[in-house]
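Read the structure below first, then the notes.
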Amino acid sequence: MRRRNFITLLGSTMVMGSLTAHAQQSGGMRRIGVLMSYPETDPDAQAFLAAFREGLQKLGWTEGRNVRLDTRWTSAGNVEEMQRFAKELVALQPDLLLGHTTTASVALQKQTRTVPIIFAFVSDPVGSGLVASFPHPGGNVTGFMVMEPTMAGKWLELLKEIAPRVARVALLFNPATATYAEYYLKPFKAAAASLAVEAIALPVRDTSELESVIATHTREPNGGLIVMPDTFNDAHRAEITSLAARYRLPAVCPLRFYAEVGCLLSYGPLPIDNFRRAAQYADRIFKGEKPSDLPVQAPVNFVLTINLKAAKALGLDVPALLQQRADEVTE
């Protein structure tokens, strides 16, 4: 009797195991389509996606066991490629889509109004047409924004503080990828007027234009540069900071990884935090909540980084008070 019971139990266990495996393949395995706005070779982009995976795992979603990620990486500024990859991802019939930036998220939204979409790092989600409002997104899209537009005024104040002589300041962006440019340009111009600084919109459409655009801006003295949060700028941060240094142009950048490659000063959120938080929204959607009921959230951590080597090369003395306020001071 004992032997017969044992065999019966063993058989039941094997059947249950087979059913569980089948359930994972047919419906238990959740599929997430991820559209990244940087190339696969970008180490920061890899870290962002790793943070999303880690966040999912902490909530019980392990890749290969009960969740699968299909990822597409795009070259900076290639909007056509992004739209093609968005179509590919939606064709895979995922349970959820994750869009890295504004351009990626808009491309995904154009392909589906039913599959839930979480955006990780978007500027002006309302103006970009992704959501109806922050508290009530209203459709199949929700997520995490880059920052408030008033940050443009803060960047200008920081630039004046670290380089008091600047009188002409340009805001650099690519119109193709920063379709939301007015979101930052309007408060930038308002802040410039209050600080008696000439505000200049500085569009650049291709890497081949970068040097000529920056060189033209430096023909007149006392120029400064602010780099807009923009997929194109982010992907070409090394070139932009190198050109700013070559043309002796004090620059303020939106994210820490700019200062790491030579930007004078950066102030902004940590994108990796938004990817961790995106995993929480993915978990909630998998458990039955709707994107329309999950409010759009702003970043919670901001980091001020000063690059003293860049300041020294520009002949700038960084005020002691500004150094004390900084979260990081690099040599």
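The values are calculated or read from the model by the stated rules, or taken from the named source; none is laboratory data. This structure is a prediction, so every number in the text was calculated from the model and none was measured. Cβ atoms come from the backbone with ideal geometry, glycine included; neighbour counts cover every protein chain shown. Note: areas computed on protein heavy atoms with side chains; ligands, DNA, RNA excluded. Shrake-Rupley method; radii C 1.70, N 1.55, O 1.52, S 1.80 Å.
Counting only residues at least eight positions apart within a chain, or on another chain, the lysines with an alpha carbon under 20 Å from that of Lys312 are Lys160. Ligands, DNA and RNA left out, the accessible area of region 230-331 computed with a 1.4 Å probe is 49% carbon and sulfur. Here Lys287 is the anchor, and the lysines within straight C-alpha reach of less than 16 Å, apart from those fewer than 8 places off in the same chain, are Lys58. Across region 280-319, the residues whose backbone nitrogen lies under 12 Å from the label position 7 Å along the beta-carbon direction of Lys58 are 280-281. Between Thr41, Thr231, Thr62, the residue with the greatest mean-square fluctuation in the GNM of the chain (Cα pairs under 10 Å linked by springs) is Thr41.
Protection proxy ranking, highest mean first, for peptides 129-135, 268-274: 268-274, 129-135, where packing is the per-residue count of other beta-carbon atoms within 10 Å, averaged.
At 20 Å minimum axial length over the Cα atoms and a Kyte-Doolittle cut of 0.0, report the qualifying DSSP H helices in the chain, or say none. Kindly include the intermediate steps, with their values, before the conclusion.
Numbers: long enough: 2-23 (31 Å, 0.25); 43-58 (22 Å, -0.25); 271-286 (23 Å, -0.65).
For the chain, where a helix must reach 20 Å along its axis and average at least 0.0, the hits are 2-23.
What whole-number value in Å² describes the accessible area per residue of the chain for a 1.4 Å probe? Intermediate results must be reported in sequence, preceding the final value.
Working: 15200 Å² over 331 residues.
Per residue, the chain has 46 Å² of solvent-accessible surface.
For the peptides 238-251, 316-329, the ranking by packing is 238-251, 316-329, with the highest mean count of neighbouring Cβ atoms within 10 Å listed first.
Between Arg65 and His136, the simple spin-label model (points 7 angstrom out along Cα→Cβ) gives 4.0 nm. With 0.36 nm allotted per residue and the present C-alpha distance subtracted, the Leu195-Glu328 stretch has 45.2 nm of extension available.
Just the C-alpha atoms of region 283-331: what Rg/Rh do they give, with Rh taken as the Kirkwood radius? Walk me through the numbers on the way to the answer.
Values: Rg = 20.0 Å, Rh = 14.3 Å.
For region 283-331, the value is 1.40.
Mark the label point 7 Å from the Cα of Glu220 along Cα→Cβ and return the residues of region 129-171 whose backbone N is within less than 11 Å of it. Inside the label zone: 167-170. Per-residue surface analysis assigns Arg65 an accessible area of about 110 Å², computed on protein heavy atoms at 1.4 Å probe radius.
Kindly identify region 161-235 as rounded, prolate or oblate by the Cα gyration tensor criterion: order the square roots of the eigenvalues as a ≥ b ≥ c, call it rounded if a/c is under 1.5, otherwise compare a/b with b/c, prolate if a/b is larger, else oblate. Cα axes put region 161-235 in the oblate bin. Approximating the spin labels as points 7 Å out from Cα along Cα→Cβ, the Ser75-to-Lys186 distance works out to 3.5 nm.
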